[in-house]
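Encoded as structure tokens, the structure appears first; notes follow it.
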Amino acid sequence: MAASGPADAWSQPVFRPLWTVDDHKSSSGHGLGDEAGVVISTFTGASPAWKHWVREGLSIGRDVLLALVIALLIGLFVIQPVYVKGTSMLPHLHEGERLFVNRFIYNFSKIERGDIVVFYYPKNPQESFIKRVIGLPGDEVTLANGKLYINGKLVPEGYLSSDYTTIVSPPRTWVVEPHHYFVMGDNRDASNDSRNWGLVPEMYIYGKAVYRYWPVSEMGFIEDEPTVLEPLRRLQRMEDRPELPPAE
């Protein structure tokens, strides 16, 4: 066998250890160090089992607390569950149904005619009512012979049922003030609404009913067909009208 010469030495791979064992003992055990002598980790033996479960418990508790905080913020500022009490919104909503109300939507969009809103009852703000928005600020709302007129125009109400509109009241007109709304229940025969106690201040409206989650058989979004609400919503918003120039 031929002996290896200097040329062969260059052809041999040179191995250098990635880690070197520190021969010095630390106060807590044997250290495993890199070539610069920095301790990478220290082995002190297996941790007691109870420490593992404590860490797991703290981690789970943190996650649960975070979930509760998020749920609380959503409940306070975005979605709120409500319970329907009474029959004023028949046939659309029934007593005992449970709904989700979007509390955030009107921060980004305007209240529209036809919206089903939840608000504090102006005569007793401790109570909440749910009704349909009929008149916007600046509107002239007239009820005559069982028909609805807004700003002098007849408005078909396809969301109503003839079973709940049998009572015809004497003609009457309301003018909606700025930052107020005229609301009525779909059960016109048995609804305590703006016809009885007046307008709803804008600041009292705290959300729009968007989803029915109980009973399960009726679960789904609360929204009329666009064609049903179109006669209400196509009318110009009086508050958006350009101001007339001053008379000369």
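FYI, it's all coordinate maths here, none of it is from the lab. Since the model is a prediction, treat every value here as computed from it, not as a measurement. Because the Cβ atoms are built from the backbone with ideal geometry, glycine has one as well, and the counts that use them run over all protein chains shown.
With +1 on each Lys and Arg Cβ and -1 on each Asp and Glu Cβ, and nothing else charged, work out how big the dipole of the range 126-248 is about its Cα centre, in Debye to the nearest 20.
Numbers: 13 positive and 19 negative charges, 38 e Å.
The calculation lands at about 180 debye.
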- prompt: If each of Glu218 and Asn151 carries a label point 7 Å out from its Cα toward its Cβ, how far apart are those two points in nm?
  reply: 3.4 nm
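When a footprinting reagent is the concern and you count Cβ atoms within 10 Å, what order do Leu65, Leu235, Leu93 take, fewest first?
On the way: Leu65 10, Leu235 15, Leu93 23.
By the 10 Å Cβ count, ascending, the order reads Leu65, Leu235, Leu93.
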query: Would you list Arg188, Arg237, Arg103 from fewest to most Cβ contacts within 10 Å?
result: Arg237, Arg103, Arg188
message: Once R0 is set to 25 Å, what does the formula 1/(1 + (r/R0)^6) return for the Cβ-Cβ distance between Ser161 and Arg98, expressed as a FRET efficiency to the nearest 0.05?
response: 0.65
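Cross-link list Lys85/Lys131; Lys85/Lys147; Lys123/Lys147; Lys110/Lys147; Lys123/Lys153: which exceed 21 angstrom alpha carbon to alpha carbon? Could you put the intermediate results ahead of the total?
Details: Lys85/Lys131 12 Å; Lys85/Lys147 27 Å; Lys123/Lys147 27 Å; Lys110/Lys147 26 Å; Lys123/Lys153 30 Å.
Correct reply: Lys85/Lys147; Lys123/Lys147; Lys110/Lys147; Lys123/Lys153.
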- line: Taking Lys and Arg as +1 and Asp and Glu as -1, residues besides Arg212 with C-beta under 14 Å from its C-beta add up to -3
